[in-house]
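Undergrad: What follows is a structure written as structure tokens; I'll ask about it next.
The values are calculated or read from the model by the stated rules, or taken from the named source; none is laboratory data. Computed from a predicted structure; not experimentally measured. So basically every Cβ, Gly included, is an ideal-geometry build from the backbone, and we count neighbours across all protein chains shown. We work out accessible area using only protein heavy atoms, side chains counted, and drop any ligands, DNA or RNA first. Shrake-Rupley method; radii C 1.70, N 1.55, O 1.52, S 1.80 Å.
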Amino acid sequence: MSKPQAMVLAAPGTNRDHDVAFALELAGAEPRITLLEELLANPAVLLRDTQLLVLAGGFSYADALGAGRMWSLAVTHRLGDVLPQFVALGRPIIGICNGFQVLTRTGLLPGALGHNDSGHFQCEWVRLQAPASKSIWTAGLDPIECPIAHGEGRYVHPDVASLAANGQVALRYSGSNPNGSVDDIAGVCDETGVVLGLMPHPENHVIPRQHPRHARGTAAGLGLALFQQGVRYAQAIR
Amino acid sequence: MASGARLTIRTKEADPRAAALLADAHALGLTEVTAIDVADLVFFADELTPEHRARLEEVLVDPLLQTATWAAPSRGVETELLPGVTDPAATAVALALHTVGLPPVEVATGKHFDVQGPGGAPVDAATTAAIARRLLANQVIERWAPAPLEPSFIDTHATAEQSVDHVTVTTLDDDALQALNKERGLSMDLAELHAVVDHFRGVGREPTDVELETLAQTWSEHCAHKTFRARITLEAGPGAGREVTPLMKQLRNCTDTIDAPFVRSSFVGNAGILCYTPGVTVAVKAETHNHPSAIEPFGGSNTGVGGVIRDVMGAAHHPIAITDILCFGPTDFPADQLPEGVLHPRLIESGVVAGVADYGNKIGLPTVAGAVLYDPGYLANPLVYAGCIGVAGEGEWELPGPQPGDLVVTMGGRTGRDGLRGATFSSATMDATTGDVAGASVQIGDPITEKLLIDVMRECIGLYHAVTDCGAGGFSSAVGEMAEGVGADVDVALAPLKYPGLRPWEVWLSEAQERMVFAVAPDQWPAMLAVCARHGVEAVSLGTFTGDGVLRVRSGDLTVLELDTKFLHDGRPQRSMTAVLPTPDRSLAVAPVCADHAATLLALLAHPNIASKEHIIRRYDHEIRGATVVRPLIGEGHDGHADGVVLAQPTDSHGLAIGIGVNPWYGITDPERMAHAVVDEAIRNVVAVGADPSSVALLDNFSWGDPRRPSTLGELVAAVQGCCDAATAHRAPFVSGKDSLNNEYLGSDGARHAVPPTLVITAIAHHPNADLAITPDLKRAGDVLVLVGRTAAEFGGSHLALLASGGGAAAHSPVPAPDPAAPARYQALHRLLRTGRVRACHDLSEGGLGVALAEMCMSGNYGAHIDTLPHPDLTTALFSESTGRFVCEVGPDDLAWFLDGLGEPAVVLGNVTAGKALQLPGLFLRVEALRNAFQADAVHGGAR
């Protein structure tokens, strides 16, 4: 069986595209990095030969006017309805960090991401726990540890109780909440469960040596597991 | 406002910027302020219809997070960027309008502030003005006004006279030449002015203004390293009358003598180049951006990082990591005692850190290694060092150079008036008016444009014959350097501009950021353009490399510069300088009086130079690229400082280690020993993490005072001697360096204040097995702690001496001497470390053994029971800063193996304990107490 084709979408200023491509490769997909302008010029490629879509992290358009705003405008106004169609076909999408910010601004995911309550960019490791949810990416996932690296990651939602009741809270910070997100929410999914957005970077913990306590003998939850789950799903629905 | 529209956007919840601003206001002594509310402004040059406004709100306002109004406020204070200063928000609004199909309109952005006093009432006009001037607006790049501010839009229809002025020099006497030098800010000395006069007498005409400026830039201290290339004669003091080998030549000779097999290129081009593994080369470079950071801290450090990354790109390598070393005045310095025209250290620190974070985080490189130092000597002259490391495939950097007929291609950012005369500015002394006159010398970076340049260059390997970055001096330096020997003919009228109205000399000398210059064969040009188009990067050919050895610059048909490149590059007369060597007292070895060792240890841990830098380090992304194996923060709670950092691609078993050495307090007393000690420290840092001491390459970065003062130059001569001695002893070659001189402030009282002699050494080394990288945190109760190296009473410039003298320079006893046994020790230790059997290793530096043990306990969250000390005097044992030492943790069963492998005596100090306390003879300190001291600054002060 051939590997699922994964498109890693990169806007100008996206900078974790290579990191997530490496994670997808380890997870069994065949990733290719596609520039946003190339996709806008030929949106059909997404539906034709892509089984899994990643909106990678970074500072698209320098995060001017708010993180992810410019990228989301391009998606909303220039990409037509290929993203909703992609979702309707049941194919998995993951937006990481800046990609998560884009997905909330386009309305594919609920809520919004405000400035961290510290007021500035933070880089630190967090522990993530996956509650029971609709997310095909995280349901049943063991806790993972990976870094955050963002300034605008405070998750905001007007009705988190309903969100949780509806099975859309896909990941929570466990132990400490780094940015003031409501209900410790680190990631959410859409109504169907195929679209996941999260602020942390599981793509930066795909081999044990990347863990900051590796020298202490710690071998805690690889972020790779999350990608493996998404890739398996993409493989199964083909 | 007269016409146009303005949108004010507020966050619904408390804006986190408000709390930070309030804390800054209080730190500046503006204690009557109780709140500062902040909002963002977008100005539109045209009136807008209600429909247009509604659509703009949809684009610019997030209803879950923000509210917005089109009404103009009646109170408060507002700021905007000066026209021409990089404004990414305005650019983004313009792009957003285009994306959603709205008609174009000119845009400017700004901020609105409401400053409240007691009871929430607005503060009076005088306080508002004070806070606007000192906190809200940096008038180097911004202006402020009581709300509503009338915005200024850049004139998009400006025209400039395309003319050239000839400047009479050939008939001037010395006084008139000096006057011209000062009037035009050329920063030349008389011998250089004479060389210019002689050249143009020979040519038979007067120079153009463009030629004069180009010569001034090319011959500036910043670009030409006049002092490091000068003929130096010692006068008075030791060795009087002796001529010293030029400093740069000493460093090069030292590298040549060591003849290390892993050095591919040293002291040539933009960066040093190393090769540790077949098929891959590593480029390393560190730079300073001191003067710009003093007057506009964010933009200064921001463009410093951008510039050093371009140095690595200019060496045809792909950047993989950033380093930064920052020196500030004390952040609690009384605001009312600051020298005139000097920004408060607290604002400098927060601005510099934000600038480094902004550039590094956005360009997508991990900021991994660094140091932060505080000393009153940096009040008026903060120092900002930024370094970059890059990789390339073997041979990719070995380019043939510009060939006759090649195109002169500029790629990346557009050219504006940014940073005119930066090279000459950075070579001059600062005074109270520097911020006023140097405004145009400071720029804000655009990391996304540079990120795209990196992406383009990765796909353009093999498509160009030469590349260099546009740094100080702009096209003048970049094209001027590339044209050396071959010649070039360029038309500056072809350069893409940020806005119209630039005169030819402004285009030629602009230091607009994010530009690279390439030499491209005409038949490769279409392929290169195609790559640029794919990434949305602008590239334009300005002309050709000619082959006639003449640099010709035109604006259309008007020739503005015609210089023989041989004169431009070799015509500068060698500077002759005199130096007086320092005579440090190295005889007396007396420990400072220390009444309470426990209290002293806590005081050392709380000292800003030793205390936790977590509040700064966490602002930098050190995780991106997934290759950071040993991070700057390590240990059980990720809150201890690493010695060196280790980088290794996830797919590689081996990697690189980076270490930093710096100690200006040694430099004040004994510059030669300082240099030796900081080279040793940088090497110790990489050895401690397990890197191979046979593979160390070094970068030197000197920040010094005015070298025309013989005593200051003497300190530099002594420091270079120390560098060469240490490099030779460790067989660790220097591969690149940079000097930033004239870091002085001329006070309004006429007194000159120079920075302490600050030499930053960066060590890069090969790490044979990144899986076995070692960190200093204690790992297991019951393990044995061993002190490696010799301990003597050496307190000159030590932090114990700093504490004892209340922060001033301290001359208690000699600055730590070089240990001749150190190189062999590092080799022996490395053989032990690479087995993976040594559980922790920490190098001893500021604060000595006491601080090192405390750090190991805190980061490991273990205690230690120490029963044997390396010296009978407790003060010396705990706080001496003798060089060449490490503490290692080994399992009890490995102790004999470890001691045997060292091949020299070592001190078995005691054991790691599960009980969380550090016990020493006569001392008992809970780890929690150590941590409270170490982390106090991280919680209460310093950068936000």
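Undergrad: How large is Rg/Rh for region A:1-127, to two decimals, with Cα atoms and a Kirkwood Rh?
TA: Reported Rg/Rh (Cα atoms, Kirkwood Rh): 0.96.
Undergrad: Using alpha carbons only, how many angstrom separate the centre of region B:882-927 from the centre of region A:133-180?
TA: Value for the Cα centre distance between the two parts: 44 Å.
Undergrad: Moving on to the next point. Over all Cα pairs of region B:744-800, how is the pair count split among 5 Å bins, expressed in % and running from 0 up to the last occupied bin?
TA: Reading upward from the zero bin: 4, 9, 8, 12, 15, 15, 12, 8, 6, 5, 4, 2, 0.
Undergrad: Here's something else I'd like to know. Using the Cα atoms as the points, what is the convex hull volume per residue of region B:877-942 in Å³? Intermediate values should be presented prior to the final figure.
TA: Working: hull volume 9.7 nm³, N = 66.
Spelled out: Cα convex hull of region B:877-942, divided by residues, is 148 Å³.
Undergrad: Here's another thing I want to ask about it. For q = 0.15 Å⁻¹, what log10 I(q)/I(0) does region B:142-275 give under the Debye formula with an equal point scatterer on each alpha carbon and no solvent?
TA: -0.95
Undergrad: Mind putting a number on the dipole of the protein assembly as shown about its Cα centre? Charges go on the C-beta only, +1 for Lys and Arg and -1 for Asp and Glu, and I need it in Debye to the nearest 20.
TA: In debye, rounded to 20, the protein assembly as shown gives about 2320.
Undergrad: If you build the Cα gyration tensor of region B:573-631 and take the root of 5 times each eigenvalue, what three semi-axes come out, in whole angstrom, biggest first?
TA: 36, 31, 11
Undergrad: Something else now. Rounded to the nearest 100 Å², what is the buried accessible area between B and A, both sides summed, probe 1.4 Å?
TA: 4400
Undergrad: Here is a follow-up. Between B:A240 and B:D259, what length comes free when the chain is fully extended (0.36 nm per residue of separation minus the Cα-Cα distance, one decimal in nm)?
TA: 3.6 nm
Undergrad: Under Stokes-Einstein, with the Kirkwood radius over Cα pairs standing in for Rh, what whole-number D in µm²/s applies to chain B at 37 °C and 0.692 mPa s?
TA: Roughly 112 µm²/s, to the nearest whole number.
Undergrad: With 5 Å bins from zero, work out the P(r) of region B:667-785 over every alpha carbon pair and list the percent per bin.
TA: Over region B:667-785, the share of Cα pairs per 5 Å bin runs 2, 11, 18, 17, 14, 12, 9, 7, 5, 3, 2, 1, 0 percent.
Undergrad: Hey, what D do you get for region B:559-692 in µm²/s if you plug the Kirkwood alpha-carbon radius into Stokes-Einstein at 4 °C and 1.567 mPa s? Write out the running numbers ahead of the final one.
TA: On the way: Rh = 19.8 Å.
For the chosen part, D equals 66 µm²/s.
Undergrad: Evaluate the distance, in nm, between pseudo-label points positioned 7 Å from the Cα of A:A88 and of B:A792 along their respective Cα→Cβ axes.
TA: 8.2
Undergrad: Show me the helices of chain B, taken as full DSSP H stretches, that run 24 Å or more along their long axis by Cα and average 0.5 or above in Kyte-Doolittle hydropathy.
TA: Taking the DSSP H segments of chain B (at least 24 Å long, mean hydropathy at least 0.5), we get B:710-730.
Undergrad: So, one more: What stretch of chain B, leaving out the sites themselves, is the longest with no GluC sites (Glu not before Pro) in a DSSP loop having at most 11 other Cβ atoms within 10 Å? Intermediate values should be presented prior to the final figure.
TA: Working: sites that count: B:E47, B:E161.
Maximal segment without exposed cleavage sites: B:162-944.
Undergrad: Dipole of chain B, Cα-centred, from +1 at each Lys and Arg C-beta and -1 at each Asp and Glu C-beta, to the nearest 20 debye? Could you put the intermediate results ahead of the total?
TA: Values: 66 positive and 114 negative charges, 286 e Å.
For chain B, the charge dipole is close to 1380 debye.
Undergrad: Let a ≥ b ≥ c be the square roots of the eigenvalues of the Cα gyration tensor of region A:160-238; is it rounded (a/c under 1.5), or, if not, prolate (a/b larger than b/c) or oblate?
TA: Judged from the Cα gyration tensor, region A:160-238 comes out oblate (a/c at least 1.5, b/c at or above a/b).
Undergrad: Let me ask something else about it. Could you name the lysines in cross-link range of B:K226, using Cα to Cα under 29 Å and dropping any fewer than eight places away on the same chain?
TA: Counting by Cα, and skipping residues close in sequence, B:K226 has these lysines nearby: B:K182, B:K249, B:K285, B:K566, B:K738.
Undergrad: When the gyration tensor of region B:5-146 is built from Cα positions, what are the square roots of 5 times its three eigenvalues, in whole Å, from largest to smallest?
TA: 29, 16, 13
Undergrad: Work the Kirkwood hydrodynamic radius out for region B:399-569: mean of 1/r over every pair of different alpha-carbon atoms, inverted, in Å.
TA: 16.3
Undergrad: Still on this structure, I have one more. Using the heavy atoms of the protein chains and a 1.4 angstrom probe, tell me the accessible area per residue for region B:399-569 in square angstrom.
TA: 31
Undergrad: Can you give me the Rg/Rh ratio for chain A, using Cα atoms for both radii and the Kirkwood formula for Rh? Kindly include the intermediate steps, with their values, before the conclusion.
TA: Values: Rg = 16.2 Å, Rh = 17.4 Å.
Radius of gyration over Kirkwood radius for chain A works out to 0.93.
Undergrad: So if I average 1/r over every pair of distinct C-alpha atoms in the protein assembly as shown and take the inverse, what Kirkwood radius in Å does that give?
TA: This gives a value of 31.0 Å.
Undergrad: Per 10 Å bin, what is the whole-percent P(r) computed from every C-alpha pair distance within region B:665-711?
TA: The distribution over region B:665-711 is 21, 44, 25, 9, 1, given as percents.
Undergrad: Given 37 °C and 0.692 mPa s, how large is the Stokes-Einstein diffusion coefficient of region A:62-196 in µm²/s, with Rh as the Kirkwood radius over Cα pairs?
TA: My calculation gives 218 µm²/s for D.
Undergrad: Let me ask you something else. Toward the positive end of the charge dipole of chain A, about the Cα centre and with charges on Cβ (Lys, Arg +1; Asp, Glu -1), which of A:L196, A:A88, A:A21 goes farthest?
TA: Comparing the listed Cα positions along the dipole, A:A21 ranks first.
Undergrad: Could you please tell me the mean projected area of the C-alpha convex hull for region B:693-849, averaged over all directions and given in square nanometres to one decimal?
TA: 12.3
Undergrad: Tell me, rounded to the nearest percent, the portion of alpha carbon pairs in region B:716-784 spaced more than 14 Å apart.
TA: Working: 1788 of 2346 pairs.
So the portion of pairs separated by more than 14 Å is 76 percent.
Undergrad: Quick one: if the Förster radius is 60 Å, what FRET efficiency do B:L172 and A:I237 give, using the C-beta to C-beta distance and rounding to 0.05?
TA: Values: r = 82 Å, r/R0 = 1.37.
My answer for the efficiency is 0.15.
Undergrad: Please compute the modelled spin-label separation between B:S74 and A:H77, points set 7 Å along Cα→Cβ, answer in nm with one decimal.
TA: Placing both labels 7 Å beyond Cα along the Cβ direction yields 3.6 nm.
Undergrad: Quick check for you: with a 1.4 Å probe and neighbouring chains kept, what is the accessible area per residue of region B:5-146, in Å²?
TA: 43
Undergrad: Here's something else I'd like to know. Within a 10 angstrom radius of each residue's Cβ in A:57-68, how many Cβ atoms of other chains show up on average? Whole number is fine.
TA: Partner Cβ neighbours, averaged per residue: 6.
Undergrad: Moving on to the next point. Divide, for region B:75-120, the radius of gyration over alpha carbons by 2.2 N^0.38 Å, where N is the residue count.
TA: For region B:75-120, the normalised Cα radius of gyration is 1.60.
Undergrad: On to the next question. Just want the answer: with Cβ charges of +1 for Lys and Arg and -1 for Asp and Glu, which residue in B:A27, B:T331, B:L602 is farthest toward the dipole's positive end in chain B?
TA: Projecting each Cα onto the dipole axis, the largest value belongs to B:L602.
Undergrad: Rank B:N181, A:S60, B:V887 by how far each Cα sits towards the positive end of the charge dipole of the protein assembly as shown (+1 on Lys, Arg Cβ; -1 on Asp, Glu Cβ) and give me just the farthest.
TA: So the residue furthest toward the plus end is B:V887.
Undergrad: Give me the percent of Cα-Cα pairs in region B:219-265 that sit more than 16 Å apart, rounded to a whole number.
TA: Numbers: 607 of 1081 pairs.
Tail of P(r) above 16 Å: 56 percent of Cα pairs.
Undergrad: Please report the net charge: other residues with Cβ closer than 15 Å to the Cβ of B:A533, K and R +1, D and E -1. Can you show the working numbers first?
TA: Numbers: positive: B:R534; negative: A:E37, A:E38, B:D455, B:E459, B:E538.
Every neighbour counted, the sum reads -4.
Undergrad: Which value in nm describes the separation of the simple spin-label points at A:R32 and B:D189, placed 7 Å from the Cα toward the beta carbon?
TA: Here the answer is 6.2 nm between the modelled labels.
Undergrad: What 222 nm value per residue comes from the helices of chain B, counting each DSSP H run with n ≥ 4 as -39,500 (n - 2.57) and dividing by all residues, nearest 500 deg cm²/dmol?
TA: One gets -9500 deg cm²/dmol as the mean residue ellipticity at 222 nm.
Undergrad: Still on this model: For B:H799, what is the net charge nearby, where nearby means another residue's Cβ is under 10 Å from its Cβ and Lys, Arg count +1, Asp, Glu -1?
TA: -2
Undergrad: Calculate for chain A the 222 nm mean residue ellipticity that helices alone would give, adding -39,500 (n - 2.57) per DSSP H run of length 4 or more and normalising by residue count, nearest 500 deg cm²/dmol.
TA: Computed ellipticity for chain A at 222 nm equals -7500 deg cm²/dmol.
Undergrad: Share of region A:66-200's accessible area from carbon and sulfur, percent, 1.4 Å?
TA: Details: 1910 of 3930 Å².
Reported share for carbon and sulfur atoms: 49 percent.
Undergrad: Taking every eigenvalue of the Cα gyration tensor of region B:790-944, multiplying by 5 and rooting it, what semi-axes result, largest first, whole Å?
TA: 26, 21, 15
Undergrad: Let me ask something else about it. Between B:E538 and B:S587, what is 0.36 nm times their sequence separation minus the Cα-Cα distance? Round to one decimal in nm.
TA: Roughly 11.4 nm would be gained on extension.
Undergrad: Roughly how many debye, to the nearest 20, is the charge dipole of region B:5-146 about its Cα centre, given +1 on each Lys and Arg Cβ, -1 on each Asp and Glu Cβ, and no other charges?
TA: For this selection, approximately 200 debye.
Undergrad: Roughly to the nearest percent, how much of the accessible area of chain B is carbon and sulfur, given a 1.4 Å probe?
TA: 52
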